[in-house]
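One structure is given below, encoded as structure tokens.
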Amino acid sequence: QVQLVESGGGLVQAGGSLRLSCAASGRSFSGNTMDWYRQAPGKQREMVASITSALNTNYADSVKGRFTISRDNAKNTVFLQMNSLKPADTAVYYCHAFVFAGIRHYWGQGTQVTVSS
């Protein structure tokens with residue numbers, strides 16, 4: 001019943017911007033850390049950005065200064081604003097949430113981001 005659904009991916013030219021959204025349903029994640037991960041073909045999945053319930057944020061060094069994670073608890077949604085995109089940002093981007101109570105991880109289905117040169 002709990003679902004994380006990403007949207008906003010697509011094809012963009014280098015230097016362009018995209019905003020990804022992750023809409024959660026089935027339970028509130030307002031008290032939980034939520035993250036964006038990405039995985040490029042042949043590469044390991046990496047955490048891109050994280051935001052806690054207290055709105056503390058962390059970013060991978062590769063995206064720091066270019067990406068911004070935010071959340072709207074009223075909408076149970078987390079966002080990833082991606083600016084100054086590079087071809088190296090091309091990957092499937094996944095939304096993730098961790099719920100300590102019950103020790104559960106939730107993953108979205110992923111959304112493809114392709115940055116052309």
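The test for being open to solvent by less than 50 Å² (accessible area, probe 1.4 Å), among the basic types (Lys, Arg) and either in contact (Cβ under 8 Å) with a residue 12 or more places away in the chain or out of contact with any Asp or Glu (no Cβ under 6 Å at 6 or more places or on another chain) (or both) holds for Arg38. The set of residues in the stretch 95-113 being farther than 14 Å from Arg27 by Cα and surrounded by fewer than 15 Cβ atoms within 10 Å (Cβ to Cβ) consists of Ile103, Gln109, Gln112. Contact annotation: residue pairs with Cβ atoms under 9 Å, 6 or more positions apart or on different chains, pairing a residue in the stretch 60-74 that is closer than 24 Å to Gly31 by Cβ with a partner that is open to solvent by less than 30 Å² (accessible area, probe 1.4 Å) and outside any strand (DSSP E or B), are Phe67/Ala60; Phe67/Asp89; Arg71/Phe29; Asn73/Phe29. What do you reckon, is Val5 touching a strand residue (DSSP E or B) at 6+ places or on another chain (Cβ under 7 Å), touching a residue at least 60 places away in the same chain (Cβ under 8 Å), β-branched (Val, Ile, Thr) and outside any loop (DSSP other than H, G, I, E, B)? Judged against the criteria, Val5 is a match. From the list Val92, Val48, Val78, the lone residue that is surrounded by fewer than 21 Cβ atoms within 10 Å (Cβ to Cβ), under 11 Å from the mean Cα position of the chain (by Cα) and in a strand (DSSP E or B) is Val92.
Does the stretch 58-75 hold any residues that are of a type in the set (Ser, Thr, Tyr) and either surrounded by 16 or more Cβ atoms within 10 Å (Cβ to Cβ) or in a loop (DSSP other than H, G, I, E, B) (or both), and which are they? Correct list: Tyr59, Ser62, Thr68. Checking every residue in the stretch 100-109 against the condition of being modelled with pLDDT of 95 or more, polar (S, T, N, Q) and in a strand (DSSP E or B) gives zero matches. Looking at Leu55, Leu85, Leu11, which one is in a strand (DSSP E or B) and out of contact with any Asp or Glu (no Cβ under 7 Å at 6 or more places or on another chain)? Unique residue meeting the criteria: Leu11. Filtering the stretch 14-45 to residues that are more than 26 Å from Ser84 (Cβ to Cβ) and not in a strand (DSSP E or B) leaves Gly26, Arg27, Ser28, Phe29, Ser30, Gly31, Asn32. Taking residues in the stretch 102-114 that are free of Cβ contacts under 8 Å to residues at least 24 places away in the same chain, and partners anywhere that are open to solvent by less than 100 Å² (accessible area, probe 1.4 Å), the pairs with Cβ atoms closer than 7 Å and at least 6 places apart or on different chains are His105/His96; His105/Phe98.
Return yes or no: is Val78 farther than 21 Å from Asn56 by Cβ and touching a residue at least 12 places away in the same chain (Cβ under 8 Å)? For Val78, the condition - farther than 21 Å from Asn56 by Cβ and touching a residue at least 12 places away in the same chain (Cβ under 8 Å) - is not met.
The values are calculated or read from the model by the stated rules, or taken from the named source; none is laboratory data. Because the structure is a prediction, the values reported are computed rather than measured. With ideal geometry, Cβ positions are generated from the backbone for all residues, glycine too; neighbour counts draw on all protein chains shown. SASA here: full protein model, heavy atoms, side chains in, ligands and nucleic acids out. Shrake-Rupley method; radii C 1.70, N 1.55, O 1.52, S 1.80 Å.
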